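*Asks:* Please find one structure pasted underneath; my questions will follow.
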Amino acid sequence: MKKLLARGGIEFLAVLLGISGSLWIDQSQDLRKQKNYQRTILESIYNDIIQTEKFFKESRDLAFRADSIWMDYISNNWDNMNIDSVAIAISKEKYSVFHTLFFDFREFHPPLSSIEMIMQDGSLKEIKNLDIRKKINKLFKTDLGFILKNVQGEIDMQINFRNMLVVQNDPKLAKILTIYQEEMKNNEFNITGDYSSSVEILKYLQTKDYARTYINLKNRNRYNVSDYIRLFKKTLQELKDLVSKELRK
């Protein structure tokens, strides 16, 4: 009987150890999967950061800087600028500054699609590093939010300005703005080197007080946009440092 009990105890212990071992293996596998998933998320975030840095370096910074320089110049020299020289110089800018000053606008869409998706589908909670989660929330909900709000303000001003041109019902303005799509393409990429239409448009706009007011308001708004972009970049760099450190673990 004692032998049977001893044998039964050993078998029970073996079963218990087997179950415990299986649970440990399962937990280890789950933990490994969780770590791998978290790493995948962090790598996606890091890639978004790199792409956003390129977005600034290769296009956005240069375009915004050119816009701001000319807005500042025109705002402060409205009464005494050489129209021909200014119109030609603006039109020669690489990023179609003349058109964005008066007729078009620059939206702001940094390539952060992976981070945006992570926030929307709840994957953000899978990141164990609380500092990273806080920094992502600041980047999107604070810094990017302020930029988009002010960019939208600039776009609204642009739309209102264009609407103002529409209601002028001025034959001279209509003639100045008459242009074919091929001409717009040539002007945008400076293919022909003919800037006469830009000169005529700027000469016309200089006679309109609302055009001057528009440029002044847009120039003020752009200061806010630029300042919020600076804060956005700072947070982006801090997030990059945190993610990079976490990936090295």
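Every number here is computed from the coordinates shown, using simple stated rules; none is lab data. All values reported here derive from a predicted model rather than from experimental measurement. Using ideal geometry, Cβ is built from the backbone for each residue, glycine included, and neighbour counts are taken over all protein chains shown.
*Asks:* How high is the relative contact order of region 50-145, in percent, with contacts defined as C-alpha pairs under 8 Å that are six or more residues apart? Don't skip to the answer; put the middle values down first.
*Replies:* Details: 30 pairs, mean separation 25.4, N = 96.
Relative contact order of region 50-145: 26 percent.
*Asks:* Can you list the HN-Hα couplings for region 234-249, worked out from phi with the Karplus curve (6.51, -1.76, 1.60; θ = phi - 60°), rounded to whole Hz and with x for Gly and Pro?
*Replies:* 4, 5, 4, 5, 5, 5, 4, 5, 5, 5, 4, 5, 5, 6, 7, 6
*Asks:* Here is a further query. Of 141/233; 35/57; 57/218; 54/141; 134/233; 94/172, which pairs sit farther than 26 Å apart, going by alpha carbon to alpha carbon? Present the calculation step by step, with values, prior to reporting the outcome.
*Replies:* Numbers: 141/233 14 Å; 35/57 33 Å; 57/218 23 Å; 54/141 22 Å; 134/233 16 Å; 94/172 29 Å.
In this structure, 35/57; 94/172 exceed 26 Å between Cα atoms.
*Asks:* Next up: Between residue 213 and residue 129, take the C-beta separation as r, use R0 = 35 Å, and let me know the FRET efficiency to the nearest 0.05.
*Replies:* On the way: r = 49 Å, r/R0 = 1.39.
For R0 = 35 Å, the calculated efficiency reads 0.10.
*Asks:* Sticking with this structure for a sec: Convert each backbone phi in region 163-178 into a coupling constant with the Karplus relation 6.51 cos²θ - 1.76 cosθ + 1.60 (shift: θ = phi - 60°), then list the ³J(HN,Hα) values in order as whole Hz, x for Gly and Pro.
*Replies:* 5, 5, 5, 4, 7, 5, 6, 9, x, 5, 5, 4, 5, 4, 7, 5
*Asks:* Which of 230, 39 comes first, and how do the rest follow, when ranked by fewest Cβ neighbours within 10 Å? Please list the in-between numbers first.
*Replies:* Working: 230 10, 39 13.
With the sparsest Cβ surroundings first, the list reads 230, 39.
*Asks:* Assuming 0.36 nm per residue, please report the length gained on full extension of the stretch residue 244 to residue 196 beyond their Cα-Cα distance.
*Replies:* 12.1 nm
*Asks:* Still on this structure, I have one more. Label residue 230 and residue 62 with points 7 Å out from Cα along Cα→Cβ: what is the distance between them in nm?
*Replies:* Here the modelled spin labels are 2.3 nm apart.
*Asks:* Can you pull the one-decimal nm distance between simple spin-label points at residue 170 and residue 84, each 7 Å off the Cα toward Cβ?
*Replies:* 2.2
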